[in-house]
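Bear in mind these aren't lab numbers, they're just calculated from the coordinates by the rules spelled out. This one's a predicted model, so the numbers in the text were calculated from it and none came from an experiment. Note: ideal-geometry Cβ built from the backbone for every residue, glycine included; neighbour counts use all protein chains shown.
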Amino acid sequence: MFALVEEGDFKRLQPPAYVTGGIVSLKLKDAVLAARAVVPDLKTVALVGAEWDRQVLFRNWKDQVATGLPGLDLIEIIGRPMPEVIEQVAALPDHSAIIYTGLYSDGKGNYYPPSDALAFVAAKANRPIVVAAETFLEPGGIGGFVISPSLIGAEAAQRALRILDGEAPDSLPPSVIDAVKPIFNWHQMQRWNVSEASLPHGSEIRFREPSFLEKYRWRVIALTTAVLFQTLLIAFLLHERYMRRKAEVEAGNRLSQLAHSNRQATAGELSSSIAHELNQPLGSILTNAESAELILGSPTPDLQEVREIISDIKRDDLRASEVIRRMRSLLKRAPFEKKEIDLNQTMREAFDFLKLQASARNVAIYLQTSPQVLRVQGDPVQLQQVILNLVVNSMDAMAKMPYGRTIIGRTDVNGAASAVISISDSGSGIPQDRLDDIFDPFFTTKEQGMGIGLSIARTIVLAHGGQIWAENQSGGGAVFHLSLPLAA
């Protein structure tokens with residue numbers, strides 16, 4: 001039994017019937033086909049190998065070479081010394097490929113395996129090297145239709161086992177085995193810029209280095225998953241931030257709307273005082289105008305007195321304008337807007353607005369402002385609304401007292417960080433069990449109250465980054481404290 005005989009040699013030998021084994025078919029045209037695959041515009045083929053008579057598997061190619069290769073120029077570097085071979089393969093023209101069959105010596109008496117000789121040739125060759133044996137791939141061959149020794153060995157072992165099991169060799173005639181496969185070297189493909197798509201169908205790629213994704217597949221998957229999770233988390237957080245901001249804006253709008261409604265209600269309670277406060281300067285203006293008319297109608301009008309009357313009219317007009325300005329400021333509906341204001345001035349304007357109401361309700365109202373300018377970041381209209389709510393609540397709390405109704409407003413500085421407003425009254429105070437509830441929405445002790453005044457006041461103060469609280473005074477009455485951070 002033989003393991004491998006080339007098809008042409010088998011026909012020439014004509015072995016007897018009791019001889020069996022595997023036959024392989026190696027054709028030069030297959031090597032040329034591989035050369036065209038790696039060099040698409042192939043024009044020249046260089047055959048490199050030992051003398052044809054020394055070739056075991058490729059000696060029959062000599063006859064195929066003699067007939068020529070259609071459409072290609074042929075350079076035969078056969079049976080030449082190694083130095084000459086290296087010199088020629090280093091200077092091959094463009095659009096050419098090398099077909100290597102095997103070298104066994106350097107021509108100077110030194111012998112080596114053909115795979116070692118291929119390594120010498122590949123180190124100097126300027127064109128890709130097509131090979132026909134699997135053992136020639138690693139030393140530098142780009143590949144081709146190659147014989148696979150493992151397939152030959154496996155087929156031979158199966159034949160041997162069948163004979164050892166008792167089958168006669170006559171029943172196992174020699175046959176062509178499928179031991180030639182298109183196999184290519186990935187490193188050489190990269191060197192010569194050969195695309196995998198140009199290779200023959202069904203080609204196998206050897207020595208392929210895994211890509212970054214293949215090498216670190218699980219790490220990449222884990223990293224991608226983490227990045228994706230973080231991206232989704234960030235997107236979720238951004239969405240939540242947007243929704244929170246939207247909710248804050250909406251809450252601010254609702255607060256502004258509710259505060260506006262509360263200011264309208266407060267203005268309704270103060271309407272009689274506002275009307276009285278307007279009637280005074282308007283009545284004075286009318287009286288002065290009538291007096292001026294009479295003086296000017298006399299034969300000798302006193303112009304100096306007329307000038308004084310006109311001055312009084314201007315003063316009263318300014319008083320009326322100021323009342324209207326404060327009323328418009330209180331009733332206008334504007335978005336919440338912080339700016340730097342003087343807290344003392346805000347307190348003074350609010351108390352001026354409340355003087356007539358306090359007088360009408362027989363309440364003595366006093367204001368003690370800090371000598372220091374108290375600069376805070378806030379909305380003056382809404383802060384005045386807080387002060388109005390606190391003072392009106394104090395007036396309501398003392399409504400049933402026969403006398404001694406007093407409200408004192410104070411502004412002071414608390415260290416270097418905050419300013420404090422205090423509104424105290426001389427009423428009966430707040431029941432101790434209700435101190436924690438008075439700022440809750442809809443909580444009220446008034447028969448006709450809605451319970452939103454103090455709740456709105458707390459909401460406005462919190463929107464300004466401050467605090468509000470209430471306590472009873474040791475001498476009687478309640479006091480409300482309002483703390484706001486000072487402007488930097």
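Observations on the structure shown:
- Secondary structure note: in the chain, about 50% of the DSSP beta bridges are antiparallel.
- A Cβ-based charge dipole, computed about the Cα centre of the stretch 2-209 with Lys and Arg at +1 and Asp and Glu at -1, lands at about 220 debye.
- Residue exposure sequence - Asp433, Asp63 - by fewest surrounding Cβ within 10 Å: Asp433, Asp63
- Span-like helix check, the chain: qualifying full DSSP H segments, with Cα axial length of 20 Å or more and mean Kyte-Doolittle of -0.5 or more, are 149-164, 217-269, 271-297, 303-331, 343-360, 380-397.
- By the Stokes-Einstein formula, at 0.692 mPa s and 37 °C, the stretch 1-107 with its Kirkwood radius over alpha-carbon pairs has D equal to 215 µm²/s.
- Summarising the amide proton neighbourhood of Ser105: residues at separation of 5 or more, or on other chains, whose placed amide H is nearer than 5 Å comprise Tyr112.
- Near Leu486, the amide H atoms lying under 5 Å from its own belong to Ser418, Ala419; only residues 5 or more places off or on other chains count, and H is placed 1.01 Å from N.
- Normalised per residue, the volume of the convex hull around the Cα set of the stretch 115-163 (Å³): 63
- Computed from point charges on the beta carbon alone (+1 for Lys and Arg, -1 for Asp and Glu), the dipole magnitude for the chain about its Cα centre is near 280 Debye.
- DSSP-defined beta bridges in the stretch 72-188 - what % are antiparallel, rounded to 5: 55
- Taking amide H atoms as placed 1.01 Å from N in the peptide plane, the amide H of Leu92 lies under 5 Å from those of Asn126, each 5 or more residues away in sequence or on another chain.
- The stretch 2-209 - share of DSSP beta bridges that are antiparallel (%, nearest 5): 20
- The chain: C-alpha pair distances exceeding 45 Å, %: 56
- Sorted fewest first by neighbouring Cβ atoms within 10 angstrom, Thr231, Thr101 come out as Thr231, Thr101.
- Gain in span if fully extended, Asp53 to Ser321, counting 0.36 nm per residue against the direct Cα distance: 83.9 nm
- Looking at the stretch 2-209, the pairs of alpha carbons with a distance over 27 Å make up 34% of the total.
- Residue order, fewest to most surrounding Cβ atoms within 10 angstrom, among His239, His464, His481: His239, His481, His464
- Cross-link pairs Lys314/Lys338; Lys27/Lys108; Lys246/Lys338; Lys181/Lys215 - those with Cα-Cα distance over 22 Å: Lys314/Lys338; Lys27/Lys108; Lys181/Lys215
- At most 13 other Cβ within 10 Å, DSSP loop - GluC sites (Glu not before Pro), the stretch 129-205: Glu167
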